[in-house]
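**Student:** Sharing a structure with you now.
The values are calculated or read from the model by the stated rules, or taken from the named source; none is laboratory data. Since we're looking at a predicted model, the values are computed, not measured. As a convention, Cβ positions derive from the backbone with ideal geometry for all residues, glycine included, and neighbour counts pool all protein chains shown. Each accessible area value is taken on the protein alone, full model and side chains, heavy atoms only, with ligands, DNA and RNA left out. Shrake-Rupley method; radii C 1.70, N 1.55, O 1.52, S 1.80 Å.
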Amino acid sequence: MTRFTAQELEAARDRLVPDVIAAGLRVLFCGINPGLMTAATGHHFARPGNRFWPVLHLSGFTPRLMKPAEQVELLSYGLGITNVVPRATARADELSAEEYRAGGRVLAAKVAQVRPRWLAVVGVTAYRAAFNDGKAQVGPQERTIGDTRVWVLPNPSGLNAHWTAGTMAEEFARLRVAAET
């Protein structure tokens, strides 16, 4: 694994992490915002403690455990990744309410353009803030964006101790089954 100095990670705050996206995806996963490790590498969910890649595999979305550097391969499975807020931070609590709302508007426009079957926002707090839906819970939502259905998934950050990799994988698997029908 590449080691970064504190200065290199701090400089990463200004880097944009490109979306892994294409028209007509089965599921477009949407993170909250890039962490500093993600911004430094250019690979989504790159922090070693993040459980996104293991949970994606455990839930059956991918046939093997993928590394963040292999993120473009997701497109071959009909999957993609974006973020609510493009600005990199050390922690999501550094984001403002306006950044979330603006990110929700940009995300809705992006989804309307590429039309995935499902938008899966990883993090209920981020979904609530971005879409002004204070009562949202993990699971499928009533909201749609055009023909795109919305599902809120638990945040795979290692800081989210309420969900284990196993319980997260069960929720991701529920989405996988819905996305296959």
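**Student:** Return the residues of the stretch 13-38 that are loosely packed, with under 15 Cβ neighbours inside 10 Å and assigned to a helix (DSSP H, G or I); say none if nothing qualifies.
**Tutor:** The answer is Asp14, and nothing else.
**Student:** Looking only at the stretch 38-46, decide whether some residue is over 20 Å from Leu153 (Cα atoms), touching a helix residue (DSSP H, G or I) at 6+ places or on another chain (Cβ under 6 Å) and among the aliphatic types (A, V, I, L, M).
**Tutor:** yes
**Student:** Filter the stretch 133-171 for residues that are farther than 24 Å from Leu95 by Cβ and part of a helix (DSSP H, G or I); which is least open to solvent (accessible area, probe 1.4 Å)? Let's see the steps before the verdict.
**Tutor:** Going through the stretch 133-171, the residues farther than 24 Å from Leu95 by Cβ turn out to be 140, 142, 144, 146-147, 149, 164-167, 169-170.
In the following step, the residues that additionally are part of a helix (DSSP H, G or I) were identified as 165-167, 169-170.
Numbers: Ala165: 35, Gly166: 41, Thr167: 54, Ala169: 10, Glu170: 121 Å².
The qualifying residue least open to solvent (accessible area, probe 1.4 Å) is Ala169.
**Student:** Then there is this: Would you mind stating whether Val72 is of a type in the set (Val, Ile, Thr) and closer than 25 Å to Ile145 by Cα?
**Tutor:** Numbers: of a type in the set (Val, Ile, Thr): yes; closer than 25 Å to Ile145 by Cα: yes.
Considered against the rule, which asks whether it is of a type in the set (Val, Ile, Thr) and closer than 25 Å to Ile145 by Cα, Val72 comes out as yes.
**Student:** So, one more: I want to confirm something. Restricting to the stretch 115-132 and keeping residues that are touching a strand residue (DSSP E or B) at 6+ places or on another chain (Cβ under 9 Å) and open to solvent by 20 Å² or more (accessible area, probe 1.4 Å), which single residue is nearest to His162 (Cα to Cα)? Quick ask: steps written out before the conclusion?
**Tutor:** Step one: of the stretch 115-132, the residues touching a strand residue (DSSP E or B) at 6+ places or on another chain (Cβ under 9 Å) are 115-124, 126-128, 130-131.
Restricting the remaining residues to those that are open to solvent by 20 Å² or more (accessible area, probe 1.4 Å) gives 115, 117, 124, 128, 131.
Numbers: Arg115: 32, Arg117: 28, Val124: 12, Arg128: 18, Phe131: 23 Å.
Looking at the filtered set, the residue picked out is Val124.
**Student:** Here is a follow-up. Quickly run through the stretch 39-83 and pick out the residues that are in a loop (DSSP other than H, G, I, E, B), under 18 Å from Val177 (Cα atoms) and not hydroxyl-bearing (Ser, Thr, Tyr). Quick ask: steps written out before the conclusion?
**Tutor:** In the first step, residues of the stretch 39-83 are kept if they are in a loop (DSSP other than H, G, I, E, B); the result is 42-51, 59-67, 78.
Right, trim to under 18 Å from Val177 (Cα atoms) and you get 59-64, 78.
Gly60, Phe61, Pro63, Arg64, Gly78 - these are the residues of the stretch 39-83 that are in a loop (DSSP other than H, G, I, E, B), under 18 Å from Val177 (Cα atoms) and not hydroxyl-bearing (Ser, Thr, Tyr).
**Student:** Out of Thr89, Thr181, which single residue is polar (S, T, N, Q), within 20 Å of His44 (Cα to Cα) and either surrounded by fewer than 19 Cβ atoms within 10 Å (Cβ to Cβ) or without any contact (Cβ under 8 Å) to a residue 40 or more places away in the chain (or both)? Break it down stepwise before answering.
**Tutor:** On the way: Thr181 fails: within 20 Å of His44 (Cα to Cα).
After ruling out the rest, the residue left standing is Thr89.
**Student:** Is it the case that Val72 is in contact with a strand residue (DSSP E or B) (Cβ under 8 Å, 6 or more places away or on another chain), at pLDDT 95 or above and surrounded by fewer than 16 Cβ atoms within 10 Å (Cβ to Cβ)? Walk me through how you get there before you give the answer.
**Tutor:** Values: in contact with a strand residue (DSSP E or B) (Cβ under 8 Å, 6 or more places away or on another chain): yes; at pLDDT 95 or above: yes; surrounded by fewer than 16 Cβ atoms within 10 Å (Cβ to Cβ): yes.
So Val72 passes the test.
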